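These notes concern the structure reproduced below.
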Amino acid sequence: MTTTIAITGKGGTGKTAVTALLIRHVMRGGSVLLAVDADPDTNLPEALGDTVSRTVGDIREMVLEGLPPDADKMLVLESKIYEILAETPKYDLLVMGRPDGPGCYCYANNLLRGIMDKITKNYDLTIIDTAAGLEHLSRRIIRNLDILLVVTDGSRKGLLTAERIRDLAGELDLGFKNIYIILNKVTPENRESLQKYASELDFEIAGTIPFDSKLADYDLDGIPLIDLPDDSEAVTEVERIAELIGI
Ligand SMILES: Nc1ncnc2c1ncn2[C@@H]1O[C@H](COP(=O)(O)OP(=O)(O)O)[C@@H](O)[C@H]1O
Ligand SMILES: [Mg+2]
């Protein structure tokens, strides 16, 4: 059985940082892991210290435009996806790239959905770093989410977006078993009120990650977050979160 986790939340709240640190944790435990960057902004490879040259968005366009009408598009798309899957010793990485172009991708997205269902079955765990918006939830290229992690920072907007994501996720019936909020970049000053607001929104809090100046420095200096030391405050808290959600 494969477990699928999506990390979502408002832009800039720390989705990619949390994703990278969850991956850091999982890859040390030996699970067979697929990391998916579903944010068109594509920041996850950098946080992991990887470079990826082609995205699912690139090949989707090629398959839609460049194939003869009688070609088995699903088969071609699937084999191309395996080609662009970046394999590392610890995990595989797939970058989704642009969600939309000038045309309508409904058909391609339907194909992709079936292919992703198949691909994720090869892994113990799939961790998806998502875009700030909510569209990816409604497009549902990856189905059967098990755990939805909603990241917020100490801003009102971050909390409101978290609430909206939770509501939309419920309406879309994404089938996830658990939803948690993660409070990130928390300071001693806002810790208590943030936890109170999150509880008032009826969220189960998976963890409270402090503002970690080492993490911020790594990010600014372009050092992969996955290389943060064990004693980084953010790393320590993400370890706790991983334990709580059972990965
Ligand atoms: N716990 C943290 N402590 C300090 N800085 C953080 C923390 N989490 C994230 N950041 C910083 O916040 C910014 C946004 O984080 P990022 O993970 O890119 O957000 P998102 O993926 O949600 O857009 C980055 O500059 C990152 O270094
Ligand atoms: Mg990001």
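This table checks each residue for (1) in contact with a His (Cβ under 9 Å, 6 or more places away or on another chain); (2) on the phi > 0 side of the Ramachandran plot; (3) within 16 Å of ligand 1 (Cβ to nearest atom); (4) among the hydrophobic types (A, V, I, L, M, F, W, C).
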site	(1), (2), (3), (4)
Gly9	no, yes, yes, no
Thr13	no, no, yes, no
Val18	no, no, yes, yes
Thr42	no, yes, yes, no
Ser79	no, no, no, no
Thr88	no, no, no, no
Practice task
Please list, ordered by first then second residue, the pairs with beta carbon atoms under 7 Å, 6 or more apart or interchain, first in the stretch 19-42 and buried (at least 21 other Cβ atoms within 10 Å of the Cβ), second of a type in the set (S, T, N, Q).
Solution key: Leu34/Thr120; Leu34/Thr126; Val36/Thr126; Ala38/Thr130; Asp39/Thr130
Fill in the blank from the handout: The correct count of residues that are free of Cβ contacts under 8 Å to residues at least 40 places away in the same chain and hydroxyl-bearing (Ser, Thr, Tyr) in the stretch 157-171 is 0
Exercise for the section: Could you grab me the full set of residues in the stretch 58-89 that are out of contact with any helix residue (DSSP H, G or I) (no Cβ under 7 Å at 6 or more places or on another chain) and either within 28 Å of Leu220 (Cβ to Cβ) or hydrophobic (A, V, I, L, M, F, W, C) (or both)? Expected result: Met62, Ala71, Leu75, Leu85, Ala86, Thr88, Pro89
Fill in the blank from the handout: Selection over the stretch 108-124 where residues are open to solvent by less than 50 Å² (accessible area, probe 1.4 Å) and farther than 20 Å from Glu87 by Cα yields a count of 5
Practice task
For the stretch 47-59, state whether one or more residues are in a loop (DSSP other than H, G, I, E, B), among the acidic types (Asp, Glu), surrounded by fewer than 17 Cβ atoms within 10 Å (Cβ to Cβ) and within 16 Å of ligand 2 (Cβ to nearest atom).
Solution key: no
Exercise for the section: Output the number of residues of the stretch 99-140 satisfying the condition of being of a type outside the set (Phe, Trp, Tyr) and modelled with pLDDT of 75 or more. Expected result: 24
Handout entry: Ala35 being within 13 Å of ligand 1 (Cβ to nearest atom) and either touching a helix residue (DSSP H, G or I) at 6+ places or on another chain (Cβ under 8 Å) or in a strand (DSSP E or B) (or both)
Key = no
Practice task
Consider only pairs whose beta carbons are under 6 Å apart and that are at least six residues apart or on different chains; among these, list those whose first residue lies in the stretch 212-236 and is under 14 Å from Asn43 (Cα atoms) and in a helix (DSSP H, G or I) and whose second residue is open to solvent by 30 Å² or more (accessible area, probe 1.4 Å) and within 10 Å of ligand 1 (Cβ to nearest atom).
Solution key: Leu225/Tyr218
Completion exercise
Selection from the stretch 166-211 of residues assigned to a loop (DSSP other than H, G, I, E, B), among the hydrophobic types (A, V, I, L, M, F, W, C) and open to solvent by 20 Å² or more (accessible area, probe 1.4 Å) yields Phe176, Leu201, Phe211
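The values are calculated or read from the model by the stated rules, or taken from the named source; none is laboratory data. Everything numeric in this text was worked out from a predicted model, so none of it was measured. Every residue, glycine among them, receives a Cβ derived from its backbone with ideal geometry; neighbour counts consider all protein chains shown. Remember, those area values only see protein heavy atoms, side chains included, never the ligands or the DNA or RNA. Shrake-Rupley method; radii C 1.70, N 1.55, O 1.52, S 1.80 Å.
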